[in-house]
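Here the structure is laid out as C-alpha coordinates; the discussion comes afterwards.
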Amino acid sequence: MAKNKITARQARNIKARHERLLKTTEEQLPDDSSLGPLLEGTVISRYGKQADVENDADLSVHRCYIRRTVEGLTTGDRVLFRISIKDAAGQNGLVETLKPRASLLSRPDYYDGVKPVAANITRILIVSTSQPEFSTNIIDRYLIACIHCGVKPVIIVNKSDLFTPEEREKTGIILETYRKIGYESLWISTKTGEGIDGLREIIKGETTILVGQSGVGKSSIINMIIPEANASTNSISDISGLGQHTTTSSRLYHLPDNTTIIDSPGIREFGLWHLSPEEVIKGYPEFLEKTPYCKFRDCKHLNDPGCAVVEAVKNSEIAEFRFNNYHRIIESMQQNAPSSFSSPGKKTRKQ
Ligand SMILES: Nc1nc2c(ncn2[C@@H]2O[C@H](COP(=O)(O)OP(=O)(O)OP(=O)(O)O)[C@@H](O)[C@H]2O)c(=O)[nH]1
Ligand SMILES: [Mg+2]
Ligand SMILES: [Zn+2]
(Lines give C-alpha, C1' and ligand atoms only; values in the text may rest on other atoms or scores of the structure.)
(Ligands and ions follow the chains in the order given, each with its own letter.)
Protein backbone atom coordinates (compact mmCIF):
# COMPACT_ATOMS: atom_id res chain seq x y z
CA MET A 1 0.00 0.00 0.00
CA ALA A 2 2.75 2.40 1.05
CA LYS A 3 4.26 1.99 -2.41
CA ASN A 4 1.21 3.62 -4.00
CA LYS A 5 1.24 6.65 -1.74
CA ILE A 6 2.09 9.91 -3.51
CA THR A 7 4.46 12.41 -1.97
CA ALA A 8 3.24 15.79 -0.71
CA ARG A 9 5.07 17.41 -3.63
CA GLN A 10 3.36 15.17 -6.19
CA ALA A 11 -0.01 15.95 -4.57
CA ARG A 12 0.72 19.71 -4.85
CA ASN A 13 1.65 19.30 -8.54
CA ILE A 14 -1.51 17.34 -9.32
CA LYS A 15 -3.67 19.92 -7.54
CA ALA A 16 -1.98 22.80 -9.40
CA ARG A 17 -2.41 21.03 -12.75
CA HIS A 18 -6.07 20.32 -12.00
CA GLU A 19 -6.68 23.96 -11.07
CA ARG A 20 -4.93 25.17 -14.24
CA LEU A 21 -7.10 22.88 -16.39
CA LEU A 22 -10.23 23.99 -14.59
CA LYS A 23 -9.29 27.63 -15.08
CA THR A 24 -8.71 27.36 -18.84
CA THR A 25 -12.11 25.72 -19.37
CA GLU A 26 -14.00 27.91 -16.92
CA GLU A 27 -12.40 31.10 -18.30
CA GLN A 28 -14.47 30.69 -21.47
CA LEU A 29 -17.70 30.48 -19.47
CA PRO A 30 -19.79 33.54 -18.61
CA ASP A 31 -19.13 34.52 -14.97
CA ASP A 32 -21.80 33.71 -12.38
CA SER A 33 -22.77 37.31 -11.65
CA SER A 34 -23.77 37.88 -15.29
CA LEU A 35 -26.18 34.96 -15.39
CA GLY A 36 -29.91 35.00 -14.67
CA PRO A 37 -31.99 32.37 -12.80
CA LEU A 38 -32.10 28.66 -13.65
CA LEU A 39 -34.40 27.83 -16.57
CA GLU A 40 -35.58 24.54 -18.06
CA GLY A 41 -34.88 23.78 -21.68
CA THR A 42 -34.13 21.34 -24.49
CA VAL A 43 -30.93 21.02 -26.52
CA ILE A 44 -31.80 21.81 -30.14
CA SER A 45 -28.30 21.29 -31.52
CA ARG A 46 -24.75 20.80 -30.24
CA TYR A 47 -21.75 22.59 -31.75
CA GLY A 48 -18.47 21.49 -30.15
CA LYS A 49 -18.18 23.27 -26.80
CA GLN A 50 -21.51 25.04 -27.22
CA ALA A 51 -25.14 24.11 -27.65
CA ASP A 52 -28.34 25.83 -28.77
CA VAL A 53 -30.87 25.49 -25.96
CA GLU A 54 -34.59 26.23 -26.27
CA ASN A 55 -36.21 27.84 -23.25
CA ASP A 56 -39.37 25.88 -22.27
CA ALA A 57 -41.06 29.07 -21.07
CA ASP A 58 -41.04 31.08 -24.34
CA LEU A 59 -39.38 28.77 -26.92
CA SER A 60 -36.56 31.30 -27.42
CA VAL A 61 -33.24 29.69 -28.42
CA HIS A 62 -29.92 30.57 -26.74
CA ARG A 63 -26.35 29.66 -27.68
CA CYS A 64 -24.87 28.31 -24.45
CA TYR A 65 -21.53 27.19 -23.13
CA ILE A 66 -21.55 23.90 -21.30
CA ARG A 67 -20.34 23.36 -17.73
CA ARG A 68 -17.38 21.00 -17.63
CA THR A 69 -19.31 18.64 -15.36
CA VAL A 70 -22.03 18.13 -18.01
CA GLU A 71 -20.78 15.24 -20.12
CA GLY A 72 -21.88 14.13 -23.58
CA LEU A 73 -24.62 16.73 -24.04
CA THR A 74 -26.58 16.01 -27.21
CA THR A 75 -29.65 17.00 -29.24
CA GLY A 76 -32.88 16.21 -27.38
CA ASP A 77 -31.29 16.47 -23.94
CA ARG A 78 -33.34 18.16 -21.22
CA VAL A 79 -31.27 20.65 -19.22
CA LEU A 80 -31.23 23.35 -16.57
CA PHE A 81 -29.51 26.45 -17.96
CA ARG A 82 -29.05 30.16 -17.34
CA ILE A 83 -29.07 33.10 -19.75
CA SER A 84 -26.64 36.00 -19.59
CA ILE A 85 -28.40 39.11 -18.24
CA LYS A 86 -25.77 41.47 -19.66
CA ASP A 87 -26.32 40.35 -23.21
CA ALA A 88 -29.22 42.39 -24.57
CA ALA A 89 -30.02 39.83 -27.23
CA GLY A 90 -29.97 37.15 -24.51
CA GLN A 91 -27.88 35.01 -26.78
CA ASN A 92 -25.27 33.70 -24.37
CA GLY A 93 -25.93 31.26 -21.63
CA LEU A 94 -24.59 28.34 -19.68
CA VAL A 95 -25.85 24.77 -19.42
CA GLU A 96 -25.65 23.89 -15.73
CA THR A 97 -27.26 20.45 -15.37
CA LEU A 98 -28.25 17.54 -17.56
CA LYS A 99 -31.54 15.92 -16.57
CA PRO A 100 -31.93 12.11 -16.58
CA ARG A 101 -32.57 10.70 -20.06
CA ALA A 102 -35.45 8.43 -21.06
CA SER A 103 -33.40 7.07 -23.98
CA LEU A 104 -30.07 7.62 -25.69
CA LEU A 105 -28.98 6.63 -29.19
CA SER A 106 -25.19 6.45 -29.39
CA ARG A 107 -22.61 5.15 -31.80
CA PRO A 108 -18.94 4.39 -31.56
CA ASP A 109 -16.65 6.77 -33.38
CA TYR A 110 -13.45 5.28 -34.76
CA TYR A 111 -11.28 7.84 -32.97
CA ASP A 112 -13.49 9.22 -30.19
CA GLY A 113 -15.09 6.32 -28.34
CA VAL A 114 -18.88 6.14 -27.89
CA LYS A 115 -20.64 9.32 -29.04
CA PRO A 116 -24.23 10.26 -28.21
CA VAL A 117 -26.39 10.90 -31.29
CA ALA A 118 -29.68 12.00 -29.69
CA ALA A 119 -31.46 11.74 -26.35
CA ASN A 120 -35.06 11.22 -25.19
CA ILE A 121 -36.20 9.88 -28.57
CA THR A 122 -39.22 7.58 -28.83
CA ARG A 123 -38.98 6.62 -32.56
CA ILE A 124 -36.10 6.01 -34.94
CA LEU A 125 -36.80 6.25 -38.67
CA ILE A 126 -34.16 4.34 -40.61
CA VAL A 127 -34.21 6.11 -43.98
CA SER A 128 -32.99 4.24 -47.06
CA THR A 129 -33.52 4.42 -50.82
CA SER A 130 -32.12 3.08 -54.11
CA GLN A 131 -29.75 6.04 -54.69
CA PRO A 132 -27.47 5.63 -52.71
CA GLU A 133 -27.91 1.87 -53.01
CA PHE A 134 -30.43 0.06 -50.78
CA SER A 135 -28.41 -1.81 -48.15
CA THR A 136 -29.93 -4.33 -45.76
CA ASN A 137 -26.57 -4.47 -43.97
CA ILE A 138 -26.89 -0.81 -42.99
CA ILE A 139 -30.57 -1.30 -42.06
CA ASP A 140 -29.63 -4.28 -39.84
CA ARG A 141 -26.91 -2.23 -38.13
CA TYR A 142 -29.41 0.50 -37.26
CA LEU A 143 -31.99 -2.07 -36.12
CA ILE A 144 -29.43 -3.51 -33.69
CA ALA A 145 -28.68 -0.01 -32.36
CA CYS A 146 -32.45 0.68 -31.98
CA ILE A 147 -33.02 -2.50 -29.97
CA HIS A 148 -29.97 -1.64 -27.87
CA CYS A 149 -31.34 1.78 -26.91
CA GLY A 150 -34.90 0.47 -26.51
CA VAL A 151 -36.50 2.72 -29.15
CA LYS A 152 -38.97 1.53 -31.79
CA PRO A 153 -37.56 1.63 -35.35
CA VAL A 154 -39.48 2.08 -38.61
CA ILE A 155 -37.79 1.46 -41.98
CA ILE A 156 -38.54 4.28 -44.42
CA VAL A 157 -37.85 3.76 -48.12
CA ASN A 158 -37.58 7.24 -49.60
CA LYS A 159 -37.37 8.34 -53.28
CA SER A 160 -40.03 5.76 -54.25
CA ASP A 161 -40.30 7.75 -57.51
CA LEU A 162 -36.83 6.51 -58.54
CA PHE A 163 -37.56 2.78 -58.17
CA THR A 164 -38.33 0.80 -61.34
CA PRO A 165 -41.30 -1.60 -60.95
CA GLU A 166 -38.80 -4.51 -60.76
CA GLU A 167 -36.72 -2.78 -58.06
CA ARG A 168 -39.87 -1.96 -56.11
CA GLU A 169 -41.02 -5.57 -56.22
CA LYS A 170 -37.60 -6.85 -55.11
CA THR A 171 -37.40 -4.33 -52.25
CA GLY A 172 -41.02 -5.08 -51.31
CA ILE A 173 -40.09 -8.74 -50.71
CA ILE A 174 -37.28 -7.63 -48.36
CA LEU A 175 -39.64 -5.29 -46.49
CA GLU A 176 -42.13 -8.14 -46.12
CA THR A 177 -39.36 -10.20 -44.48
CA TYR A 178 -38.75 -7.36 -42.02
CA ARG A 179 -42.49 -7.02 -41.38
CA LYS A 180 -42.78 -10.71 -40.45
CA ILE A 181 -39.94 -10.28 -37.93
CA GLY A 182 -41.77 -7.31 -36.41
CA TYR A 183 -40.15 -4.30 -38.12
CA GLU A 184 -42.59 -1.89 -39.81
CA SER A 185 -41.78 -0.06 -43.02
CA LEU A 186 -43.18 2.66 -45.26
CA TRP A 187 -42.59 3.81 -48.86
CA ILE A 188 -42.38 7.57 -49.26
CA SER A 189 -41.29 10.20 -51.77
CA THR A 190 -40.58 13.83 -51.00
CA LYS A 191 -41.03 14.50 -54.73
CA THR A 192 -44.45 12.89 -55.31
CA GLY A 193 -45.76 13.01 -51.73
CA GLU A 194 -46.32 9.25 -51.59
CA GLY A 195 -46.61 7.97 -48.02
CA ILE A 196 -46.49 11.39 -46.39
CA ASP A 197 -49.79 10.96 -44.54
CA GLY A 198 -48.56 7.62 -43.20
CA LEU A 199 -45.31 9.27 -42.11
CA ARG A 200 -47.17 12.02 -40.26
CA GLU A 201 -49.18 9.32 -38.47
CA ILE A 202 -46.01 7.44 -37.40
CA ILE A 203 -44.35 10.53 -35.91
CA LYS A 204 -47.47 12.09 -34.30
CA GLY A 205 -46.91 12.81 -30.60
CA GLU A 206 -43.44 11.20 -30.73
CA THR A 207 -39.85 12.42 -30.60
CA THR A 208 -38.40 10.95 -33.77
CA ILE A 209 -34.88 10.92 -35.20
CA LEU A 210 -34.16 10.41 -38.89
CA VAL A 211 -31.04 8.31 -39.43
CA GLY A 212 -29.42 6.76 -42.50
CA GLN A 213 -26.66 7.16 -45.05
CA SER A 214 -25.79 10.56 -46.45
CA GLY A 215 -28.00 11.46 -49.42
CA VAL A 216 -31.02 9.26 -48.60
CA GLY A 217 -33.13 12.41 -48.13
CA LYS A 218 -33.39 12.96 -44.36
CA SER A 219 -33.25 16.76 -44.57
CA SER A 220 -35.60 16.70 -47.59
CA ILE A 221 -38.13 14.84 -45.40
CA ILE A 222 -37.76 17.54 -42.71
CA ASN A 223 -38.37 20.27 -45.31
CA MET A 224 -41.40 18.46 -46.65
CA ILE A 225 -43.03 18.15 -43.23
CA ILE A 226 -41.87 21.58 -41.99
CA PRO A 227 -41.41 23.88 -45.03
CA GLU A 228 -40.08 26.74 -42.88
CA ALA A 229 -37.28 24.48 -41.55
CA ASN A 230 -35.15 25.31 -44.61
CA ALA A 231 -32.74 22.47 -43.87
CA SER A 232 -29.82 22.33 -46.34
CA THR A 233 -29.95 19.53 -48.90
CA ASN A 234 -27.55 18.56 -51.65
CA SER A 235 -27.62 16.23 -54.63
CA ILE A 236 -25.74 12.94 -54.43
CA SER A 237 -22.37 12.83 -56.19
CA ASP A 238 -22.48 11.83 -59.88
CA ILE A 239 -19.12 10.13 -59.48
CA SER A 240 -19.53 8.07 -56.33
CA GLY A 241 -23.33 7.84 -56.24
CA LEU A 242 -23.05 8.74 -52.54
CA GLY A 243 -24.35 11.68 -50.50
CA GLN A 244 -22.13 14.69 -49.79
CA HIS A 245 -22.53 14.84 -45.99
CA THR A 246 -24.56 18.04 -46.19
CA THR A 247 -26.01 18.01 -42.66
CA THR A 248 -23.16 18.34 -40.18
CA SER A 249 -24.92 18.32 -36.81
CA SER A 250 -28.21 16.94 -35.51
CA ARG A 251 -31.03 19.47 -35.14
CA LEU A 252 -34.38 19.29 -33.41
CA TYR A 253 -37.62 20.72 -34.88
CA HIS A 254 -41.11 21.02 -33.42
CA LEU A 255 -44.44 20.25 -35.06
CA PRO A 256 -47.94 20.72 -33.62
CA ASP A 257 -49.48 17.95 -31.44
CA ASN A 258 -46.43 17.59 -29.20
CA THR A 259 -44.46 16.14 -32.09
CA THR A 260 -40.69 16.55 -32.35
CA ILE A 261 -38.38 15.48 -35.16
CA ILE A 262 -34.58 15.42 -35.29
CA ASP A 263 -32.50 15.58 -38.48
CA SER A 264 -29.09 13.89 -38.21
CA PRO A 265 -25.94 13.86 -40.32
CA GLY A 266 -25.49 10.83 -42.60
CA ILE A 267 -22.61 8.64 -41.55
CA ARG A 268 -20.40 6.42 -43.65
CA GLU A 269 -20.78 3.33 -41.52
CA PHE A 270 -22.73 2.77 -38.34
CA GLY A 271 -20.13 0.90 -36.25
CA LEU A 272 -21.24 -1.47 -33.52
CA TRP A 273 -17.90 -2.04 -31.81
CA HIS A 274 -19.33 -0.96 -28.48
CA LEU A 275 -21.72 -3.92 -28.45
CA SER A 276 -21.13 -7.58 -27.63
CA PRO A 277 -22.27 -10.45 -29.92
CA GLU A 278 -25.04 -11.14 -27.36
CA GLU A 279 -26.30 -7.59 -27.90
CA VAL A 280 -26.01 -7.86 -31.70
CA ILE A 281 -28.18 -11.00 -31.86
CA LYS A 282 -30.99 -9.16 -30.05
CA GLY A 283 -31.53 -7.29 -33.36
CA TYR A 284 -32.33 -10.72 -34.87
CA PRO A 285 -35.46 -11.84 -32.98
CA GLU A 286 -36.11 -14.58 -35.56
CA PHE A 287 -32.71 -16.12 -34.61
CA LEU A 288 -33.54 -15.93 -30.91
CA GLU A 289 -36.64 -18.07 -31.51
CA LYS A 290 -34.30 -20.81 -32.78
CA THR A 291 -31.15 -20.53 -30.63
CA PRO A 292 -32.60 -22.45 -27.63
CA TYR A 293 -32.73 -25.49 -29.96
CA CYS A 294 -29.06 -25.30 -31.05
CA LYS A 295 -27.17 -28.46 -29.97
CA PHE A 296 -24.37 -26.53 -28.24
CA ARG A 297 -24.89 -23.69 -25.80
CA ASP A 298 -21.92 -21.78 -27.21
CA CYS A 299 -23.10 -22.27 -30.83
CA LYS A 300 -21.83 -19.52 -33.16
CA HIS A 301 -24.66 -20.28 -35.60
CA LEU A 302 -22.24 -20.73 -38.49
CA ASN A 303 -20.65 -24.18 -39.02
CA ASP A 304 -21.59 -25.69 -35.69
CA PRO A 305 -23.24 -29.10 -35.83
CA GLY A 306 -26.91 -29.15 -34.84
CA CYS A 307 -27.36 -25.38 -35.26
CA ALA A 308 -31.09 -24.58 -35.31
CA VAL A 309 -30.47 -21.17 -36.92
CA VAL A 310 -28.61 -22.70 -39.90
CA GLU A 311 -31.39 -25.28 -40.17
CA ALA A 312 -33.99 -22.49 -40.28
CA VAL A 313 -32.05 -20.74 -43.06
CA LYS A 314 -31.98 -24.00 -45.05
CA ASN A 315 -35.73 -24.42 -44.82
CA SER A 316 -36.33 -20.70 -45.56
CA GLU A 317 -37.77 -19.83 -42.14
CA ILE A 318 -34.91 -17.32 -41.73
CA ALA A 319 -33.96 -15.09 -44.69
CA GLU A 320 -30.50 -15.75 -46.08
CA PHE A 321 -29.71 -12.03 -46.31
CA ARG A 322 -30.35 -11.63 -42.57
CA PHE A 323 -28.10 -14.61 -41.80
CA ASN A 324 -25.30 -13.21 -44.02
CA ASN A 325 -25.62 -9.71 -42.53
CA TYR A 326 -25.44 -11.07 -38.99
CA HIS A 327 -22.17 -12.87 -39.70
CA ARG A 328 -20.69 -9.94 -41.63
CA ILE A 329 -21.48 -7.66 -38.69
CA ILE A 330 -19.98 -10.05 -36.10
CA GLU A 331 -16.89 -10.47 -38.31
CA SER A 332 -16.44 -6.73 -38.86
CA MET A 333 -16.73 -6.10 -35.12
CA GLN A 334 -13.80 -8.42 -34.56
CA GLN A 335 -11.67 -7.32 -37.52
CA ASN A 336 -12.09 -3.57 -37.84
CA ALA A 337 -12.41 -2.51 -34.23
CA PRO A 338 -10.19 0.47 -33.39
CA SER A 339 -7.82 0.06 -30.46
CA SER A 340 -10.22 1.86 -28.10
CA PHE A 341 -12.68 -1.02 -28.69
CA SER A 342 -10.03 -3.76 -28.72
CA SER A 343 -12.53 -6.43 -27.76
CA PRO A 344 -16.14 -6.36 -29.01
CA GLY A 345 -18.42 -4.97 -26.34
CA LYS A 346 -15.67 -2.98 -24.65
CA LYS A 347 -16.96 0.49 -23.92
CA THR A 348 -14.93 3.65 -23.77
CA ARG A 349 -16.47 7.01 -23.13
CA LYS A 350 -15.05 10.30 -24.26
CA GLN A 351 -17.03 13.37 -25.23
N1 LIG B 1 -36.05 11.74 -56.73
C2 LIG B 1 -36.06 12.05 -55.44
N3 LIG B 1 -35.01 12.72 -54.90
C4 LIG B 1 -35.07 13.00 -53.57
C5 LIG B 1 -36.14 12.62 -52.75
N6 LIG B 1 -35.88 13.02 -51.48
C7 LIG B 1 -34.68 13.64 -51.52
N8 LIG B 1 -34.19 13.63 -52.78
C9 LIG B 1 -32.91 14.21 -53.22
O10 LIG B 1 -31.84 13.49 -52.62
C11 LIG B 1 -30.72 14.36 -52.44
C12 LIG B 1 -30.17 14.24 -51.02
O13 LIG B 1 -31.14 14.73 -50.12
P14 LIG B 1 -30.78 15.28 -48.65
O15 LIG B 1 -32.10 15.61 -48.02
O16 LIG B 1 -29.74 16.33 -48.70
O17 LIG B 1 -30.16 13.96 -47.99
P18 LIG B 1 -29.66 13.75 -46.48
O19 LIG B 1 -30.06 12.36 -46.09
O20 LIG B 1 -30.16 14.83 -45.61
O21 LIG B 1 -28.07 13.81 -46.63
P22 LIG B 1 -26.95 14.23 -45.52
O23 LIG B 1 -27.37 15.52 -44.90
O24 LIG B 1 -25.71 14.34 -46.32
O25 LIG B 1 -26.90 13.09 -44.54
C26 LIG B 1 -31.22 15.76 -52.79
O27 LIG B 1 -30.78 16.08 -54.10
C28 LIG B 1 -32.74 15.64 -52.76
O29 LIG B 1 -33.39 16.53 -53.64
C30 LIG B 1 -37.24 11.90 -53.36
O31 LIG B 1 -38.22 11.51 -52.72
N32 LIG B 1 -37.12 11.65 -54.70
MG1 LIG C 1 -29.18 16.20 -44.42
ZN1 LIG D 1 -26.80 -22.20 -33.58
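Toward the positive end of the charge dipole of segment 108-248, with +1 on the Cβ of Lys and Arg and -1 on the Cβ of Asp and Glu, the farthest Cα among ILE196, PRO108, LEU175 is that of PRO108.
Measuring nothing but how far apart in sequence close Cα pairs (under 8 Å, 6+ apart) lie, relative to its length, segment 104-263 scores a relative contact order of 23 percent. Between SER220, SER232, SER249, the Gaussian network model of the chain with springs among Cα atoms under 10 angstrom shows the greatest mean-square fluctuation at SER232.
Over the chain, what number does the Rg to Rh ratio reach, with both radii from the alpha-carbon atoms and Rh per Kirkwood? All intermediate terms of the calculation are to be shown ahead of the outcome.
Details: Rg = 23.4 Å, Rh = 22.6 Å.
Radius of gyration over Kirkwood radius for the chain works out to 1.03.
Our estimate of slack between ILE239 and ASP56, defined as 0.36 nm per intervening residue step minus the Cα-Cα distance, is 61.4 nm. If you take every DSSP beta bridge fully contained in segment 45-180, what fraction is antiparallel? Give it as a percent rounded to 5. If I count the DSSP bridges inside segment 45-180, around 65 percent turn out antiparallel. Remark: segment 32-189 projects, on average over all directions, an area of 11.7 nm² (convex hull of Cα atoms).
Considering only alpha-carbon pairs that sit under 8 angstrom and 6 or more positions apart, the relative contact order computed for segment 277-340 is 26 percent. With a cut-off of 12 Å between beta carbons, the residues surrounding THR97 carry a summed charge of 0, where Lys and Arg count +1 and Asp and Glu -1. 3J(HN,Hα) couplings calculated from phi for segment 76-83 with the Karplus curve 6.51 cos²θ - 1.76 cosθ + 1.60 (θ = phi - 60°) are, in sequence order, x, 5, 9, 9, 9, 9, 10, 9 Hz; Gly and Pro show x.
Using a probe of 1.4 angstrom and keeping all protein chains present, the accessible surface of the chain works out to 53 square angstrom per residue.
Sorting PHE323, PHE287 by solvent-accessible area of protein heavy atoms yields PHE323, PHE287, largest first, with a 1.4 Å probe. Viscosity 0.890 mPa s, temperature 25 °C: give me the Stokes-Einstein translational D for segment 32-98 in µm²/s, with Rh taken as the Kirkwood radius over C-alpha pairs. For the chosen part, D equals 216 µm²/s.
Kirkwood Rh, segment 277-340, all Cα pairs: how many Å?
This gives a value of 12.3 Å.
Our note on the geometry: Cα centres of segment 230-266 and segment 113-188, 16 Å apart.
Among the listed pairs LYS180/LYS218; LYS218/LYS290; LYS204/LYS290, those whose Cα-Cα separation exceeds 28 Å are LYS218/LYS290; LYS204/LYS290.
Distance between the 7 Å Cα→Cβ label points at THR291 and LEU255: 3.5 nm.
Summed over qualifying helices (DSSP H, 4 residues or more, each -39500 (n - 2.57)) and divided by its residue number, the chain shows a 222 nm mean residue ellipticity of -8500 deg cm²/dmol.
The angle between the Cα long axis of helix 136-149 and the longest principal axis of the Cα atoms of the chain comes to about 50 degrees, rounded to the nearest 10. Loop-only check: which chymotrypsin sites (Phe, Trp or Tyr not before Pro) in segment 62-117 are DSSP coil with at most 15 other Cβ within 10 angstrom? Here the chymotrypsin sites (Phe, Trp or Tyr not before Pro) that fit, given the DSSP loop and packing criteria, are TYR110, TYR111. Each residue, ASN324 and SER276, gets one label point 7 Å from its Cα in the Cβ direction; the gap between the two is 3.0 nm. Projected onto its three principal axes, the C-alpha set of segment 241-291 covers 43, 35, 23 Å, listed from the longest axis down. Here segment 100-172 is assigned +1 on the Cβ of each Lys and Arg and -1 on the Cβ of each Asp and Glu. Its dipole about the Cα centre then comes out at about 400 debye. Simple rule: put +1 on each Lys or Arg Cβ and -1 on each Asp or Glu Cβ in the chain, find the dipole, and look at LEU125, PRO292, THR259; the Cα lying farthest toward the positive end is PRO292. Legend: translational diffusion of segment 104-263 by Stokes-Einstein, Rh = Kirkwood radius over C-alpha pairs, 4 °C, 1.567 mPa s; D = 81 µm²/s. Packing-based ranking of 206-219, 185-198 yields 206-219, 185-198, ordered from highest to lowest mean Cβ neighbour count within 10 Å.
Comparing mean-square fluctuations of GLU278, GLU71, GLU54 from a GNM of the chain with C-alpha springs under 10 Å, the top value falls on GLU278.
The values are calculated or read from the model by the stated rules, or taken from the named source; none is laboratory data. Computed from a predicted structure; not experimentally measured. With ideal geometry, Cβ positions are generated from the backbone for all residues, glycine too; neighbour counts draw on all protein chains shown. What goes into the accessible areas is simple: the full protein's heavy atoms, side chains included, and nothing from ligands, DNA or RNA. Shrake-Rupley method; radii C 1.70, N 1.55, O 1.52, S 1.80 Å.
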